[in-house]
Each structure stands twice: as C-alpha cells, then as structure tokens.
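Laboratory data are not the source of any read-out in this text; all were calculated from the coordinates shown. Bear in mind that the values here come from a model prediction, so they are computed numbers and not experimental data. Cβ placement follows ideal geometry from the backbone for every residue including glycine, while neighbour counts extend to all protein chains displayed.
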Amino acid sequence: MINLSKYAGLPIFLEKNNKLGSKAIKLPKPDTRTFSQIKSVLLAKKTAVRKFYFMYRNIAPNNSLKKYGLRYDITVIPHHEIGHEEIKTTGHYHAFVRKTHITYPEVYQVIHGTATYLLQKKKGSKISDVIVAKAMPGEIVVVPPNYGHITINAGKKTLVMANIVYSKFKSKYRAIEEKHGGAYYLVEKNKKLLFIKNPNYKSVPKIKYGNPSLVGLKSPIYADCKKNPEKYLFLVKPQNYLKKFKS
C-alpha cells in the first residue's frame, strides 16, 4: 500500500492491485480502459495486457468543486510495455466552448510515478504544434486550449495522476483514433526511449520540450482549487483568460 495523500490532497492510497483505496472517503467505481477499447491507437495489435488504466471521475468529497463547474479525477496507469511502445492513454481533444473556436483546457498533476504528456495542436487537418512535457510527483502540467493530449507512462512505477477540468466538457476521441494514435509514438529501442513519427499523419512538426503551466497553481491541486477556486475558473471560461496562455 502506497500513501498518496501528500500530492492527492485527499486521504487515499494505492493498493497492490493498482486500485485506489481510502478509509475516510467513498471512492467511485473506476472506469477501466481495456485493450479492445484502446487497440486502435497502438503500434502493437496483440498483447497479454487486458486492463490498461483506471479512471476515477469526480472523487471530490461532498461535490466540493461542483458549484464552480469543476471536476476532480484521478487516473491510474500501471507500467507495461505494449510491444516496443510505452503504455499510454487513448488520447483525445476537448470540445469547443460554445460560440467560440476555443476548446476547454485541463490541469494535470502527478501524484505518484512519472508522466510524459504529448500535446498536439490541430490547425485544420494538420498538426501545427507538438509539445512534450515530463512531470514528477507534485508537478503540474496545463493542457492549453485547442490542444489534444495523450498521457504516457514511460517510468517503471505505476503512474497516478490527478486532473481538474470543466465538469460538463466532452472528450473527442475520433480524430486520434482515426490516425491510430498521436503524432508520435514513444518506443523503446536498444534500451533507449525515443519518439517516432506516426506515419498516418502526412507531416508533423518537430517536438518542443517544455512544461505548459500557469503561475499561481499549487500542489496538491485539489486542496488549492478548494481553497482558491477562482484560480481555476479559466477551465470554465477559457475565452476570458487567453492572455494567461500566451504569456
């Protein structure tokens, strides 16, 4: 059992079976992603791994963030190699804010393990920008408006990460599924990790390495948001906060 309270901001732990547990709060039943649901975005078409990751949605006690239009989730991604590829989420884009060309952003924070976030911006039918952000426990990464994203667990430990997002937004999976993954795959070759281009995209830009974040957000994000919810309202109405993302 691994105590996750320090970075989760809630009294929870990671059990040996890679499920979340708590003696103090009631956790929702996780939504489990299986091989059959994710195989369209993988390089390998066969694997012994059947359960890829577990998503606990809206776990904030007493719906403490609901009145602000926000939702706190935790995702657990055990480490596996799927062929030569590192295990990852399906990946998705976010819906547009009504009457705008701006999609909803999202805030991530690593609780345990290490995360590699692949962010890609779509302009028309082309990918105009690709960012890779690596994060350790306690570190925060913001998915800016108009970026799709994939989370990769390239570490040797189980990855546990939290996110806060607008509670009514919808994930859009089709664009990434149709291309059989993101613009790049992260694979292991000769005991080294490297990104290789996804040939299903006609062209992709070079990867930029950095950590998109916003000044003022603090770990753990659940406690920070509960105490200072106004700092997270850019997730609900990003069109009013565009200068934050351009700075």
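Greater than 29 Å separation of Cα atoms is the criterion. Which listed pairs, Lys170/Lys218; Lys202/Lys244; Lys192/Lys231, meet it? Don't jump to the answer; show the numbers that get you there.
On the way: Lys170/Lys218 25 Å; Lys202/Lys244 32 Å; Lys192/Lys231 39 Å.
From the list (Lys170/Lys218; Lys202/Lys244; Lys192/Lys231), the Cα-Cα distance tops 29 Å for Lys202/Lys244; Lys192/Lys231.
Using Cα pairs under 8 angstrom and six or more residues apart, how large is the relative contact order of region 151-247, in percent?
Working: 46 pairs, mean separation 19.7, N = 97.
Once divided by the residue count of region 151-247, the mean separation gives 20 percent.
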The Kirkwood hydrodynamic radius of the chain, taken as the inverse of the mean 1/r over all distinct Cα pairs, in Å, comes to 18.4 Å
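So how do 6-19, 202-215 stack up, highest first, on mean other-Cβ count within 10 Å? Before the final figure, lay out each step's value.
Values: 6-19: 16.6, 202-215: 12.7.
Taking the mean over residues of other Cβ atoms within 10 Å, the ranking is 6-19, 202-215.
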Taking only Cα atoms of region 1-62, the Rg to Rh ratio with Kirkwood Rh works out at 1.07
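Give the value in nm², to one decimal: projected area of the alpha carbon convex hull of region 165-232, averaged over all directions. If you can, show how the numbers build up before the last one.
Values: hull surface 30.0 nm².
In nm², the orientation-averaged hull projection of region 165-232 is 7.5.
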FRET efficiency (Leu43, Lys237; Cβ distance; R0 41 Å; to 0.05) is 0.60
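Need one number: the % of Cα-Cα pairs in region 108-197 sitting beyond the 16 Å mark.
Values: 2360 of 4005 pairs.
Tail of the P(r) past 16 Å holds 59 percent of the pairs.
Among residues other than Asn62 whose Cβ falls under 13 Å from its Cβ, what is the net charge (Lys/Arg +1, Asp/Glu -1)?
Values: positive: Lys26, Lys66, Lys67, Lys226; negative: none.
Combined, the nearby Lys, Arg, Asp and Glu give +4.
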Taking 20-26, 71-77, 153-159 and ranking on average Cβ neighbours within 10 Å, highest first, one gets 71-77, 153-159, 20-26
Subtracting the Cα-Cα distance of His180 and Lys16 from 0.36 nm times their residue separation yields 55.9 nm
Per-residue ellipticity at 222 nm attributable to helices in the chain (runs of n ≥ 4 DSSP H, -39500 (n - 2.57) apiece, nearest 500 deg cm²/dmol) works out to -2000 deg cm²/dmol
